[in-house]
Ligand code: GLU
């Protein structure tokens, strides 16, 4: 099948650790330069590009071996503190060759929890792009500890591309995309197109992870699926191949997996909520009448009269999960009450909605094993 030429105004590119580092963790500057070259071509065409790059921890490993008495978390933080500077200074030098100023943005999971902080980040990146500055994003690994970390930078790149209203997200690793069996199995074939609405390749995706990176193909696919459902085209491709991004966009005969975007784009607040399920501070159980109303397809707010039980401690404005009478999560939303008031008023008529329709997302956000 002939690949088609694609037209995007704004894209995010995620580069994995295994693409830009050598086996000892040191930066593969030649490979980074190829990626920088590719990005400079797109920038020249007027496209906004946001780069999400891993590699800090690995780059630190080639510089220092933390002492044996330093615990694992602190060791990783030290490696990132050294490696992130190396990573950024190398990028700044390489982008400088093309007269592109590159700026750094380090995020933690917490940065996405609070909507005000989220909008601050969004405004900062928008201003960077307006001024021709290329944002290079990574997790702030020096202050992230396990429970509060992104699953990996694939998750971070998904959040960034949704936040910045990108048209497409390119996830680059050292494989060509998603195969119909483990890529090392003889006869395994690359799947070039996946429509998440009709295809589910999860069963044939192996979850082997690279030495330094945190993510595997399975997390890549689950992020890709979620992002595509928000109307963003996702491409999983091999960053070890020269000019892979311009190749895909230019319709050249290069290998990749494209995850088709849903035609419908989510609005700002709903998009933020859609990625906020892990930040829920509490939960409410609702009765069957309220469940039917919420799932009817009509724009319906969740009223106190439909709430049968309130769990957890939350403030007005915090995110809570909505559970049906069997405890299945059917959605999340931003509460208009704190938990004490909600407990007092649950079941009452004629009060303002517990969650307004505009601040609620339903279905397909359910996380297994979530505490709320
Ligand atoms: N933020 C980590 C780093 O720069 C990478 C996380 C990941 O592997 O996705 O080393």
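Values in this text are rule-based calculations from the coordinates and carry no lab data. If you're wondering where the values come from, they're calculated on a predicted model, not measured in any experiment. Cβ sites come from the backbone with ideal geometry, for glycine too, and all protein chains shown count toward neighbours.
Can you give me the relative contact order of segment 255-351 as a percent, contacts being Cα pairs under 8 Å and 6 or more apart?
Dividing the mean separation by the residue count of segment 255-351 yields 29 percent.
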Sorted by Cβ neighbour density within 10 Å, fewest at the top, the residues 348, 37, 311
348, 37, 311
How far is it, in nm, from the label point at residue 71 to the one at residue 299 when both lie 7 Å from their Cα along the line to the Cβ?
5.0 nm
What is the spread of the Cα atoms of segment 101-144 along each of their three principal axes, largest first, in whole Å?
28, 22, 7
What is the fewest-to-most order of 337, 274, 179 by other Cβ atoms lying within 10 Å of their Cβ?
274, 179, 337
If you count, for each residue, the other Cβ atoms within 10 Å and average over each peptide, how do 25-32, 87-94 line up from highest to lowest?
87-94, 25-32
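Report the gain in length on full extension from residue 349 to residue 119: 0.36 nm times residue separation, minus Cα-Cα distance, nm rounded to one decimal.
Contour length minus Cα-Cα distance gives 79.4 nm.
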Ranking request for peptides 193-200, 275-282, 72-79: highest mean number of other beta-carbon atoms within 10 Å first, then the rest in descending order.
275-282, 72-79, 193-200
Relative counts (whole %) of C-alpha pair distances in segment 43-168, using bins that are 5 Å wide:
2, 10, 19, 21, 19, 14, 8, 4, 1, 0, 0
Centroid-to-centroid separation of segment 137-185 and segment 3-31 [C-alpha atoms, Å]
11 Å
Hey, what number do you get for the chain at 222 nm if only DSSP H runs of n ≥ 4 count, each worth -39500 (n - 2.57), divided across all residues, to the nearest 500?
-9500 deg cm²/dmol
Output the relative contact order of the chain, whole-number percent, from Cα pairs under 8 angstrom with separation of 6+ residues.
15 percent
Any chance you could get the radius of gyration and Dmax over the Cα atoms of segment 213-354, in Å?
20.3, 63
Find the percent of Cα-Cα distances in segment 289-355 that exceed 13 Å, and round it to a whole number.
62 percent
Inter-label distance for residue 222 and residue 127, nm, one decimal - labels placed 7 Å from Cα along Cα-to-Cβ:
3.6 nm
Which of 113, 45 has the fewest Cβ neighbours within 10 Å, and the rest in rising order:
45, 113
Compute the orientation-averaged projected area for segment 1-113 from the convex hull of its Cα atoms and round it to one decimal in nm².
9.7 nm²
Taking Cα pairs closer than 8 Å and at least 6 residues apart, the relative contact order of segment 161-210 in percent is 30 percent
How are the Cα pair distances of the chain distributed, in percent, across 20 Å bins from 0?
28, 54, 18, 0
The extension gain from residue 264 to residue 85, computed as 0.36 nm times the residue separation minus the Cα-Cα distance, is 60.5 nm
Considering only C-alpha atoms, what is the centroid distance from segment 33-87 to segment 307-346, in Å?
40 Å
